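Here is the structure we will look at.
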Amino acid sequence: MNTPTQFKQRLASELSAMATHPVPVPAPAPAPAPATRAPAHRLRLPFAIAAVATAAAAAVVVPTLTGSGSSPAYAVTREDDGSLTLLLNRPEGLPGLQKQLKKMGVRAAVLEGDKNCPTGAPPHAPWATAGYAMTFPSDPAKAIIHPDMIPDDTVASDGRRVAGATLLIVAEFGKDNATKAVSFRLVSKVPKCSVPGIGGGPGAHA
């Protein structure tokens, strides 16, 4: 009988001690921090393509009728006295020169001289003027046009309509495409081709 009584007393003492001095319970381990996601790398290819396209557009150079080079292929300047100073440096300036003269109201045609032209030099218009329609300074690439010396259409005393003239300008170029000479002739009909050196006027200041 003593043994159970002693066991009960000892168990009661231990429970009483545990109630007075509780056994520390270890704190639960902290929950693992959520894994941080690396920022997504967005594909920026469209932006890169747009940037390249913009740079390419900025680098595009549109060619003009005056051609390339350190000097323009042609130029026409109206002087105070009504004359026109013509500058022709290279053959690619011929179409632009033709258009510019037409725009400035000058009845003129511009051709590159062809030594093999089957019709040779065109005939002169069947009348003469009191002066030269073109004169030439010492520079072979320059000429002075005098529009008032290009006859317009007129009506004769008998009522017949007399056609005016066209200033035919024929340019000759060297092997380096630089202007070698410019000549002119007043014609009634503009030919499809002409040999170079068809005539001309005196020096511009003669």
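The values are calculated or read from the model by the stated rules, or taken from the named source; none is laboratory data. The structure displayed is predicted, hence computed values, not measured ones. Here Cβ is always computed from backbone atoms with ideal geometry, including for glycine, and neighbour counts include all displayed protein chains. We work out accessible area using only protein heavy atoms, side chains counted, and drop any ligands, DNA or RNA first. Shrake-Rupley method; radii C 1.70, N 1.55, O 1.52, S 1.80 Å.
Give me the number: length gained by fully extending Lys103 to Ala156, i.e. 0.36 nm times residue separation minus the C-alpha to C-alpha distance, one decimal in nm.
Numbers: separation 53, 0.36 × 53 = 19.08 nm, distance 2.84 nm.
The span from Lys103 to Ala156 would gain 16.2 nm if fully extended.
Highest first, please rank the peptides 98-104, 113-119 by the mean number of other Cβ atoms sitting within 10 Å of their residues. Show your work: numbers first, answer last.
On the way: 98-104: 14.9, 113-119: 12.3.
So the order, starting with the most tightly packed, is 98-104, 113-119.
Please report the relative contact order for segment 124-206, taking Cα pairs under 8 Å with a sequence separation of at least 6, and give it as a percent rounded to a whole number. Could the numbers behind the result be given before it?
Working: 151 pairs, mean separation 26.6, N = 83.
Here the relative contact order equals 32 percent.
Grab the Cα-Cα distance for Val190 and Thr129, subtract it from 0.36 nm times how many residues apart they are, and report the gain in nm with one decimal. Intermediate results must be reported in sequence, preceding the final value.
Numbers: separation 61, 0.36 × 61 = 21.96 nm, distance 1.84 nm.
Gain in length upon complete extension: 20.1 nm.
Report the charge-dipole magnitude of segment 79-144 in Debye, nearest 20, computed about the Cα centre from +1 at each Lys and Arg Cβ and -1 at each Asp and Glu Cβ. Let's see the in-between values first.
Details: 7 positive and 7 negative charges, 52 e Å.
The dipole magnitude comes to about 240 debye.
With the other protein chains left in place, how much accessible area per residue, in square angstrom, belongs to segment 101-206 at a 1.4 angstrom probe? Walk me through the intermediate numbers first.
Values: 6130 Å² over 106 residues.
Ligands and nucleic acids excluded, the result is 58 Å² per residue.
Please report, as a whole percent, how much of the solvent-accessible surface of segment 109-206 comes from carbon and sulfur atoms (probe radius 1.4 Å). Before the final figure, lay out the partial values.
Working: 2940 of 5560 Å².
That fraction is 53 percent.
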